[in-house]
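In what follows, a structure is listed as C-alpha cells, so that the remarks can point back to it.
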Amino acid sequence: MDQRTRILTAAADLLSRSADVSTRAVCEAAGVGAPALYRQFGGKDGLLAAVVDHGFERYLAGKRAAVPSADPVRDLRDGWDNHVSFALAHPHHYRLMYAGLSTPPGAAAEAHGLLLEVLERCAAAGRLKLPPPLAAQMVMAANAGVALSLITRPSLYPDLAFAVRVRESVLAGILAGEPPEPPAGVAAAATALGALLGGSAPPGLSASEAALLREWLTRLAVHSGH
C-alpha cells in the first residue's frame with residue numbers, strides 16, 4: 001500500500017467512527033509525518049475532500065451502473081430515497097460532503113449531474129413543469145436538507161416518513177400530471193420541447209435562432225409554471 005493510500009485509509013477509518021478527525025490522528029494512524037500528508041493532499045481540507053470522494057465512490061458507482069427504468073419519475077423517487085439511506089448509513093461522510101468543507105468534493109458535483117440526467121428524462125417525457133437545471137437545484141437542496149436534518153437532529157426528526165413527505169411536496173412542485181393526462185399547460189410543454197431540442201439547432205434555424213428559441217422556452221417554463 002503506497003503512502004497516499006495509507007493516509008486515505010487511515011482517515012476514512014477515523015471518519016467512520018467520529019466526525020472530528022485531526023491531521024495528527026491521521027498521521028499517527030498511517031505512520032507518516034505531517035509533511036507527507038500535506039505533500040499528498042495539500043492540507044486537512046484536501047485530505048477530507050479525498051476521503052469523502054472515496055467514501056461516496058461505491059454509492060456513485062451504483063448510480064452510474066443503474067439501468068434507467070421506463071418511468072423516470074419512479075427513478076427520481078428512488079434516487080431521493082437512496083440518497084437519504086446513504087446519509088443515514090454514513091453520517092460523518094455525508095456531513096462533510098454537504099456542510100463541512102470549504103471546497104465541495106468532486107462527488108457532490110457528480111451526484112448533482114446524475115440527478116440532472118434523470119430530470120432531463122422527466123422533461124423529455126413531458127413530466128416536468130420547470131427547466132431541468134432549476135428542478136435539479138430544488139430537488140438537491142431539499143434532499144440534502146432532509147438528510148442533514150435526519151442525521152444532525154434525530155430527536156427533532158425521529159420519523160423517516162418525514163423524508164417521504166418532503167419528497168412528495170417537492171415533486172408536486174416540479175412535476176406535471178401523470179399520463180394519460182396531457183402535460184400541465186404551457187410550462188410542461190415548453191420544458192418538454194426544450195429537452196427534445198437538446199443542444200443542437202433544429203433544421204431550418206441558425207445557431208443564434210436556436211439559442212433564442214431555447215431562451216424563450218426557458219422563460220415560458222419558469223414563468224408559466226407559477
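Values in this text are rule-based calculations from the coordinates and carry no lab data. None of these values were measured; they are calculated from a predicted model. Note: ideal-geometry Cβ built from the backbone for every residue, glycine included; neighbour counts use all protein chains shown.
Worth a mention:
- Taking other C-beta atoms within 10 angstrom as a stand-in for reagent exposure, 5, 191 fall in the order 5, 191, fewest first.
- With Cα atoms as the point set, the range 1-96 shows a radius of gyration and Dmax of 16.2, 53 Å.
- Over every Cα atom in the range 108-215, the radius of gyration and the widest Cα-Cα span, Dmax, amount to 16.9, 60 Å.
- Residue 175 long-range amide H proximity, modeled H, under 5 Å: 129
- Shown for the chain are the DSSP H helices of 15 Å or more along their axis, judged by Cα atoms, with a mean Kyte-Doolittle hydropathy of at least -1.0: 3-17, 44-65, 72-89, 106-124, 132-152, 161-174, 185-197, 207-224.
- Span per principal axis, largest first, for the Cα atoms of the range 1-42 (Å): 24, 19, 16
- Rounded Å value of the spacing that divides the Cα centres of the range 112-188 and the range 1-42: 37
- Net charge dipole, the chain: roughly 360 debye, given to the nearest 20, about the Cα centre with Cβ charges of +1 for Lys and Arg and -1 for Asp and Glu.
- The helix-based estimate of mean residue ellipticity at 222 nm for the chain, built from -39,500 (n - 2.57) per DSSP H run of four or more residues and divided by its residue count, is -23000 deg cm²/dmol to the nearest 500.
- From the Kirkwood radius over Cα pairs of the range 53-181, Stokes-Einstein at 37 °C and 0.692 mPa s returns a whole-number translational diffusion coefficient of 217 µm²/s.
- Alpha-carbon Rg/Rh ratio, for the chain, with Rh computed the Kirkwood way: 1.08
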